[in-house]
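Below is one structure, written out as structure tokens, with a few remarks after it.
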Amino acid sequence: MDPLVLLVLFVVLIFFMIWSSRNAKKKMQLQQEEMRAGLVPGAWVMTRSGYYGRFVELDGDVLVLENTDGTETLWSQQALLRTLEELPFAPEEFENQASDEAAEDGSNETPAGNTDSQNTVTDTETVGEDIEEDTAGEQPHKR
């Protein structure tokens, strides 16, 4: 193959690599700007480690995030992955509201889906008697 053709291919390859790198950086900068615009107090965010929290404030490079029970934690701004429109789970305060509403309705349904609390009670005396009957004629094993 002609050395001139190889040189042209090499230059084209280098140009393509530089061009695609610049486009990726521009896209990343736009995403960062959109995320920062969405950082208003009370907005839900997700960190790179998978922590979900409510944005409280930004102090320099430090984010203050609050979890569902009100505990505030400090995070590096670089740990922020994205802002969320809605949570992928229901916070505890909403679960508590659902259980309060069920109690007001007078139904026995719990948030976990149990409709009859008597089904969840176990009879330990019966279990104990079964064990005694099984081992009545046997010597205890030593380990």
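The values are calculated or read from the model by the stated rules, or taken from the named source; none is laboratory data. Source: prediction; values computed, not measured. Methodologically, a virtual Cβ is constructed for each residue, glycine included, from the backbone with ideal geometry; neighbour enumeration extends over all protein chains shown.
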Quiz prompt | Selection within the range 39-55 - polar (S, T, N, Q) and assigned to a strand (DSSP E or B) | solution = 47
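Got a number for residues in the range 56-88 being of a type in the set (Ser, Thr, Tyr) and either out of contact with any strand residue (DSSP E or B) (no Cβ under 9 Å at 6 or more places or on another chain) or outside any strand (DSSP E or B) (or both)? Can you show your working first?
Looking only at the range 56-88, we keep the residues that are of a type in the set (Ser, Thr, Tyr), and these are 68, 71, 73, 76, 83.
If we keep only those that are either out of contact with any strand residue (DSSP E or B) (no Cβ under 9 Å at 6 or more places or on another chain) or outside any strand (DSSP E or B) (or both) as well, we get 68, 71.
Summing the residues that are of a type in the set (Ser, Thr, Tyr) and either out of contact with any strand residue (DSSP E or B) (no Cβ under 9 Å at 6 or more places or on another chain) or outside any strand (DSSP E or B) (or both) in the range 56-88 gives 2.
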Quiz item: So residue 110 fits all but one of (1) surrounded by 14 or more Cβ atoms within 10 Å (Cβ to Cβ); (2) at pLDDT 60 or above; (3) hydroxyl-bearing (Ser, Thr, Tyr); what number is the exception?
Solution: (2)
Quiz item: Mind checking whether some residue in the range 4-27 is surrounded by 11 or more Cβ atoms within 10 Å (Cβ to Cβ), at pLDDT below 90 and either of a type in the set (Phe, Trp, Tyr) or not in a strand (DSSP E or B) (or both)?
Solution: no
Self-check item: Odd one out for residue 36 among (1) touching a residue at least 24 places away in the same chain (Cβ under 8 Å); (2) not in a loop (DSSP other than H, G, I, E, B)
Solution: (1)
Quiz item: Just one of 40, 62 is closer than 28 Å to residue 89 by Cβ, under 24 Å from the mean Cα position of the chain (by Cα) and surrounded by 10 or more Cβ atoms within 10 Å (Cβ to Cβ); which is it?
Solution: 62
Quiz item: Residues of the range 34-49 being closer than 13 Å to residue 80 by Cβ and either modelled with pLDDT of 90 or more or not small (Gly, Ala, Ser) (or both), which ones?
Solution: 34, 35, 36, 39, 44, 45, 46, 47, 48, 49
